[in-house]
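Remarks on the structure that follows.
The values are calculated or read from the model by the stated rules, or taken from the named source; none is laboratory data. Predicted model, so just to flag it, every value in this text is computed and none were measured. In this analysis, Cβ positions are derived from the backbone assuming ideal geometry, glycine residues included, and neighbour counts consider all displayed protein chains. We work out accessible area using only protein heavy atoms, side chains counted, and drop any ligands, DNA or RNA first. Shrake-Rupley method; radii C 1.70, N 1.55, O 1.52, S 1.80 Å.
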Amino acid sequence: MANPIPSRLLPDNTSIDENGSGSIAGCNLVELAEEYGTPLFVYDENHLRARCREAVKAFGEGVAYAGKAFLCGAMSRLVVEEGMNIDVATGGELYMALHAGIDGSRLIMHGNNKSESELRMALEAGVSRIVVDSFDELERLQILHKETGISPKILLRITPGVEAHTHEFISTGQDDSKFGFTVSTGLALEAVERAVKTEAVELVGIHAHIGSQVFKVDSFIRAVEVMAEFSNPLELPELSIGGGLGVSYLEEDHAPSITEWGEAVQTACAQTGIKAKVTAEPGRAIAAAAAITLYRIGTIKELEGLRTYVAVDGGMSDNPRPVLYGSGYETFLPRSMDKKRDRSIRMVGKHCESGDLLVREGWIPSDVAIGDVIATPVTGAYGHSMGSNYNQVLRPPVIFVKDGEATEVVARETFPDLVRRER
Ligand code: LLP
């Protein structure tokens, strides 16, 4: 018998009224579902702002938000207003941030396979740093330097050979990786030598990102140790530990806070003699717990003695994480947030495959019925951003709620949108 949904998995400004009905920032969730339709991403704006401020406090101004976790114009402006820069990983993310009015000086360009045109775009935008991932990229920057005369400030992404104890698909620090310059094989040192020699770039620091959804602060500390040994003799002014701090998705999860992560990293840096300014680029830890997704239940299929399937109007197109990584989520009924969740269900989507599940094992109150609004918490990172149009299902809108007011920041996709690119 599962208890009511624990508040630590909900956005900061969640409240429950005397009837058990839930609101975020004063906006009732069932009413939001009625007004905006479902599925619907609901973000607690002040929760986002609080996490940005926590990151700025932990790492200083200029700590970057990893836009891949969740990006749109409103989010770009919010994080910059709170003192963060933005890490963009493709030309598309770069375009989106620039379109939002963000100055290039607030952007950091990432990517393991940046094309010449993406690099040109980054140079023209005047991005503050380019994180160089390969020798091929260095060569492209040399060609572009001849053409533009620009010598961007760069960090070299090194692969420290650290296992992050996370899902294989989101683990990046181990030697066998497509990312970065491997330290153990000498590639990282060779990259430094080449970067120092050429006028095409100005080497200012070293970067590493060991993986995502990392719960063990120890893994970051081991990365810091490798980075210190490698980079201290180089006496470069900057060092980025990347992102990757995990968040709690389930009742039994206990992830470190941004503050705890920052303190552990800063302490490890001091202890290993790192003099460089230490920065980071969290994505998930900023955005994940700020949002919930609202769906409406359309079908309930009971299999006596086996299980109950509860089918909703979204699915793997708005949250592919359960299918991709086997990720677990909690679920709850916004109308009855004070009730015991005593009925086990499997929450599935509307896509035409059995793998389309949102919650493998969820618990909700036993009086669940067709037409109920049902929610999954902690969907603010890598849901909207990894969404798709599979089965021509329309991508949901995004709303920000604050002080009793809801603002639609991304509209629901429409049927005409689906055919807009057809010739
Ligand atoms: N910096 C770099 C260079 C990265 O590659 C990433 C994530 C981050 C920062 C931000 O990591 P975060 O703090 O969000 O963990 N789609 C997967 C996550 C992929 C992460 C890719 N890189 C998921 O849904 O779990």
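Pick from 306, 40, 236 the residue whose mean-square fluctuation is largest in a GNM of the chain, springs joining Cα atoms under 10 Å.
306
Can you give me the angle between helix 187-197 and the longest principal axis of the chain, using Cα atoms only, in degrees from 0 to 90, rounded to the nearest 10?
Compared with the principal axis, the helix lies near 60 degrees.
Using only the alpha-carbon atoms, how far is helix 45-59 inclined from the longest principal axis of the chain? Give it as 0 to 90 degrees, nearest 10.
30 degrees
Among DSSP beta bridges whose residues both lie in the chain, state the antiparallel percentage, nearest 5.
If we restrict to bridges inside the chain, about 50 percent are antiparallel.
Suppose every Lys and Arg Cβ carries +1 and every Asp and Glu Cβ carries -1, with no other charges. What dipole size does the chain come out with about its Cα centre, to the nearest 20 debye? Don't skip to the answer; put the middle values down first.
Working: 41 positive and 60 negative charges, 71 e Å.
Charge dipole of the chain: 340 debye, to the nearest 20.
Ignoring ligands and nucleic acids, what accessible area does residue 254 show with a 1.4 Å probe (Å², nearest 10)?
130 Å²
If one puts a single equal scatterer on every Cα of the chain and applies the Debye formula without solvent, what log₁₀ I(q)/I(0) results at q = 0.07, 0.11, 0.12, 0.13 Å⁻¹?
-0.35, -0.84, -0.97, -1.11
Excluding residue 74 itself, calculate the net charge of residues whose Cβ lies under 14 Å from the Cβ of residue 74, where each Lys or Arg counts +1 and each Asp or Glu counts -1. Could the numbers behind the result be given before it?
Values: positive: 49, 77, 402; negative: 44, 45, 81, 82, 405, 408.
Value of the local net charge: -3.
Once phi is turned into ³J(HN,Hα) by the Karplus curve 6.51 cos²θ - 1.76 cosθ + 1.60 with θ = phi - 60°, what whole-Hz value does each residue of segment 243-254 show in order, with x for glycine and proline?
x, x, 4, x, 10, 7, 9, 10, 3, 7, 7, 9
Given a cut-off of under 8 Å on Cα pairs at least six residues apart, what relative contact order in percent is computed for the chain?
Working: 1003 pairs, mean separation 88.2, N = 423.
21 percent.
Quickly work out the residue 151-to-residue 407 label distance, labels modelled 7 Å from Cα along the C-beta direction, and quote it in nm with one decimal.
4.2 nm
Would you please report the Å³ per residue occupied by the convex hull of the alpha carbon atoms in segment 45-284?
Details: hull volume 26.6 nm³, N = 240.
It is 111 Å³ per residue.
Net charge near residue 50, counting Lys/Arg +1 and Asp/Glu -1 over other residues with Cβ under 15 Å of its Cβ? The partial results should precede the final answer.
Values: positive: 8, 49, 51, 53, 57, 402; negative: 12, 44, 45, 54, 81, 82, 403.
Every neighbour counted, the sum reads -1.
Before I look further, what does the chain give for accessible area per residue, probe 1.4 Å, in whole square angstrom?
Numbers: 17890 Å² over 423 residues.
Value for the chain: 42 Å² per residue.
Filter 216/339; 301/402; 57/178; 68/277; 68/216 down to the pairs with a C-alpha to C-alpha distance above 27 Å, please.
Values: 216/339 33 Å; 301/402 37 Å; 57/178 32 Å; 68/277 24 Å; 68/216 22 Å.
As for pairs spanning more than 27 Å Cα to Cα, those are 216/339; 301/402; 57/178.
Only Cα pairs under 8 Å and at least 6 apart count here; give the relative contact order of segment 45-284 as a rounded whole percent.
Values: 493 pairs, mean separation 44.3, N = 240.
Contact order relative to length: 18 percent.
Would you mind checking which residues have amide H under 5 Å from residue 87's amide H? H placed 1.01 Å from N; only 5 or more apart, or other chain.
65, 66, 67, 108
Say each of residue 190 and residue 103 gets a label point 7 Å from the Cα, pointing the same way as Cα to Cβ; how far apart are those two points in nm?
Going from the residue 190 label point to the residue 103 one covers 4.0 nm.
Taking 30 Å as R0, compute the FRET efficiency from the Cβ-Cβ separation of residue 306 and residue 18 and round it to 0.05. Present the calculation step by step, with values, prior to reporting the outcome.
Working: r = 37 Å, r/R0 = 1.25.
Efficiency at R0 = 30 Å is approximately 0.20.
Using DSSP to define loop residues, name the trypsin sites (Lys or Arg not before Pro) in segment 153-186 whose beta-carbon has at most 15 other beta-carbon atoms within 10 Å. Could the numbers behind the result be given before it?
Details: sites: 153, 157, 178; in loops: 178.
Sparse-neighbourhood loop trypsin sites (Lys or Arg not before Pro): 178.
With Cβ to Cβ distances under 13 Å as the rule, what net charge do the other residues near residue 38 carry (K, R +1; D, E -1)? Mind showing how you got there, number by number?
On the way: positive: 296, 350, 395, 412; negative: 31, 34, 35, 313, 318, 372.
It works out to a net charge of -2.
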